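The values are calculated or read from the model by the stated rules, or taken from the named source; none is laboratory data. Here the structure is a predicted model, which means the values were calculated and not measured. Methodologically, a virtual Cβ is constructed for each residue, glycine included, from the backbone with ideal geometry; neighbour enumeration extends over all protein chains shown. Note: areas computed on protein heavy atoms with side chains; ligands, DNA, RNA excluded. Shrake-Rupley method; radii C 1.70, N 1.55, O 1.52, S 1.80 Å.
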Amino acid sequence: RDLAKPFPASLVKQPPKGKYGSYVEHSSVTEKLLATVGPYNWRIVEILRGPKGIEGCIGELTVTIDGVTVSVQEAGDCEQPSNWHTEGARLKDASSDAIKRCAMRLGVGLHLWSQQNYRLYEALSKREDTPDGSA
């Protein structure tokens, strides 16, 4: 349930002009993962290249939740490859995006995507409050 708890408004940033969707910084996602699940494993599974070099990556996040080890994979985008002068910087950008998307698949920051339709944290809280664990 703690992974699904929405970030406080003070950590939510508004999108830059021309972009869509509020977000939290990579560091906030990392802190939440460490505080909630403890150490985790992160790896880049595949580097995605285009005509001008690195454009993205596939990353894999492995965590242990309630004694169960879970791995999720997601794509990360280097949104503006020309903004970065090195392949390493482009890969870091894509990796940061990928880990945030993997974390979202576990509930972290999902409220930012779902917006007013977000119900996960409430549903999980109700489930924990019932004696048999059902919602």
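Any aspartates and glutamates with Cα under 20 Å of the residue 17 Cα? List them, leaving off those in the same chain fewer than 8 positions away.
Candidates past the 8-residue exclusion: 25, 77, 79, 93, 97.
What chymotrypsin sites (Phe, Trp or Tyr not before Pro) in segment 7-71 are in a loop by DSSP, with at most 15 other Cβ atoms within 10 Å of the Cβ?
On the way: sites: 20, 23, 40, 42; in loops: 20, 40.
Loop-located and lightly packed - 20.
Using Cα-Cα distances under 8 Å and only pairs 6 or more residues apart, what relative contact order does segment 1-113 have, in percent? Don't skip to the answer; put the middle values down first.
On the way: 192 pairs, mean separation 31.7, N = 113.
Over segment 1-113, the number comes to 28 percent.
Restricting to DSSP loop positions (anything but H, G, I, E, B) with no more than 10 other Cβ atoms inside 10 Å of their own Cβ, which trypsin sites (Lys or Arg not before Pro) remain in segment 34-91? Could the numbers behind the result be given before it?
Working: sites: 43, 49, 52, 90; in loops: 52.
Answer by residue number: 52.
Computing the accessible area with a 1.4 Å probe over protein heavy atoms, can you report the carbon and sulfur percentage for the chain?
Values: 4330 of 8430 Å².
Looking at the chain in its full context, I get 51 percent from C and S.
Just the accessible area per residue of the chain, please: how many Å² with a 1.4 Å probe?
Working: 8430 Å² over 135 residues.
Averaged over the residues of the chain, the accessible area is 62 Å².
If the cut-off is 20 Å between C-alpha atoms, which lysines fall inside it for residue 32, apart from same-chain ones fewer than 8 positions away?
Counting by Cα, and skipping residues close in sequence, residue 32 has these lysines nearby: 5, 13, 92, 100.
Run the simple label-point estimate for residue 17 and residue 123 please: 7 Å along Cα→C-beta, distance reported in nm.
Result: 3.9 nm between the two label points.
How big is the gap, in Å, between the Cα center of segment 53-122 and the Cα center of segment 7-49?
7
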